[in-house]
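K.L.:
What follows is a single structure, and I will ask about it in a moment.
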Amino acid sequence: MALVVITGGVRSGKSRAAQELAESRARAGQAVMVAVFASESDVEMVQRIEAHRASRPEGFEVIEVTGSADWLGSVPGPTLLVVDCLGTCLGRAMLETWDETAQVGADMGCADELPAGFESAFVSRVGGLVDALASRDGDTLVVTNEVGQGVVPTHATGRIFRDELGRANRLLVDVADAAYVAIAGRLLDLASLPRDIHWPED
């Protein structure tokens with residue numbers, strides 16, 4: 001089994017790279033399943049989802065799942081699982097955690113403070129998902145987002161989402177068999193880069 005992680009910013013080419021890699025595995029005879037997490041929240045998002053569906057090869061099986069890790073047990077071991085993407089997965093996990101902990105009618109998008117129990121429940125849910133992906137008995141390809149390189153989010157939910165996605169990315173890259181960052185359509189091999197920092201020699 002192998003774990004491959006491709007991270008990057010918006011429109012950086014990470015999903016294209018993942019699809020090309022998955023297609024090469026499919027040509028070699030491996031079954032491919034793509035896990036997606038986006039919800040049809042508005043007209044523009046519906047259009048984005050339809051565009052993604054149209055771009056996938058017909059032979060890829062698609063599973064629409066939640067933000068928990070329970071669904072991973074239904075993916076056959078020999079199948080290449082493509083998670084596209086971890087950011088929307090954690091967004092889904094955050095929505096589910098909010099529904100479980102917040103008062104009815106509370107707006108997650110502009111929360112000034114987190115409901116009691118929200119942070120620990122969300123962190124636990126994210127940790128369980130990362131552990132399950134890292135220990136999966138089968139090939140796994142995770143597409144994820146780089147966040148937090150701009151201003152600090154205004155609301156508490158945005159800050160904890162940024163923190164947990166960044167932490168999840170780091171943990172997955174640490175245990176990945178191969179990891180890349182996509183930048184403007186090019187891929188940088190993270191495994192070739194130093195993990196530790198050293199003071200320059202005189």
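The values are calculated or read from the model by the stated rules, or taken from the named source; none is laboratory data. These numbers come from a predicted model, not from an experiment. So basically every Cβ, Gly included, is an ideal-geometry build from the backbone, and we count neighbours across all protein chains shown.
K.L.:
Out of the residues in region 76-135 that are within 22 Å of PHE60 (Cα to Cα) and β-branched (Val, Ile, Thr), which is modelled with the lowest pLDDT?
P.N.:
THR88
K.L.:
Which residue is farthest from ASP189 (Cα to Cα), if the candidates are limited to region 1-35 and must be touching a helix residue (DSSP H, G or I) at 6+ places or on another chain (Cβ under 6 Å) and aliphatic (A, V, I, L, M)?
P.N.:
Filtering region 1-35 for residues that are touching a helix residue (DSSP H, G or I) at 6+ places or on another chain (Cβ under 6 Å) and aliphatic (A, V, I, L, M), the one farthest from ASP189 (Cα to Cα) comes out as VAL32.
K.L.:
Would you mind finding the one in SER41, SER68 that is loosely packed, with under 11 Cβ neighbours inside 10 Å, modelled with pLDDT under 80 and among the polar types (S, T, N, Q)?
P.N.:
SER41
K.L.:
Would you mind finding the one in LEU172, LEU187 that is surrounded by 19 or more Cβ atoms within 10 Å (Cβ to Cβ), at pLDDT 95 or above and aliphatic (A, V, I, L, M)?
P.N.:
Within the list LEU172, LEU187, the selection yields LEU172.
K.L.:
Within region 155-200, take every residue that is assigned to a loop (DSSP other than H, G, I, E, B) and without any contact (Cβ under 8 Å) to a residue 24 or more places away in the chain and give me the one that is nearest to SER15 (Cα to Cα).
P.N.:
Applying the filter and picking the extreme gives LEU193.
K.L.:
Let me ask another. Quick one: in region 141-154, of everything that is part of a loop (DSSP other than H, G, I, E, B) and touching a residue at least 60 places away in the same chain (Cβ under 8 Å), which residue is surrounded by the fewest Cβ atoms within 10 Å (Cβ to Cβ)?
P.N.:
Checking each candidate, the answer is GLN149.
K.L.:
Now for a different question. Quick one: count up the residues across region 56-105 that are charged (D, E, K, R), in contact (Cβ under 8 Å) with a residue 12 or more places away in the chain and not in a strand (DSSP E or B).
P.N.:
Residues meeting the conditions: 4.
K.L.:
Check GLY117, GLY138, GLY87 and return the single one that is crowded, with 17+ Cβ neighbours inside 10 Å, in contact with a helix residue (DSSP H, G or I) (Cβ under 8 Å, 6 or more places away or on another chain) and not acidic (Asp, Glu).
P.N.:
One residue alone meets the criteria, GLY87.
K.L.:
Tell me, yes or no, whether region 120-133 has at least one residue that is closer than 18 Å to CYS85 by Cα, in contact with a strand residue (DSSP E or B) (Cβ under 7 Å, 6 or more places away or on another chain) and surrounded by 18 or more Cβ atoms within 10 Å (Cβ to Cβ).
P.N.:
yes
K.L.:
Tell me, yes or no, whether region 126-147 has at least one residue that is more than 24 Å from ASP70 (Cβ to Cβ) and small (Gly, Ala, Ser).
P.N.:
Taking every residue of region 126-147 in turn, none turns out to be more than 24 Å from ASP70 (Cβ to Cβ) and small (Gly, Ala, Ser).
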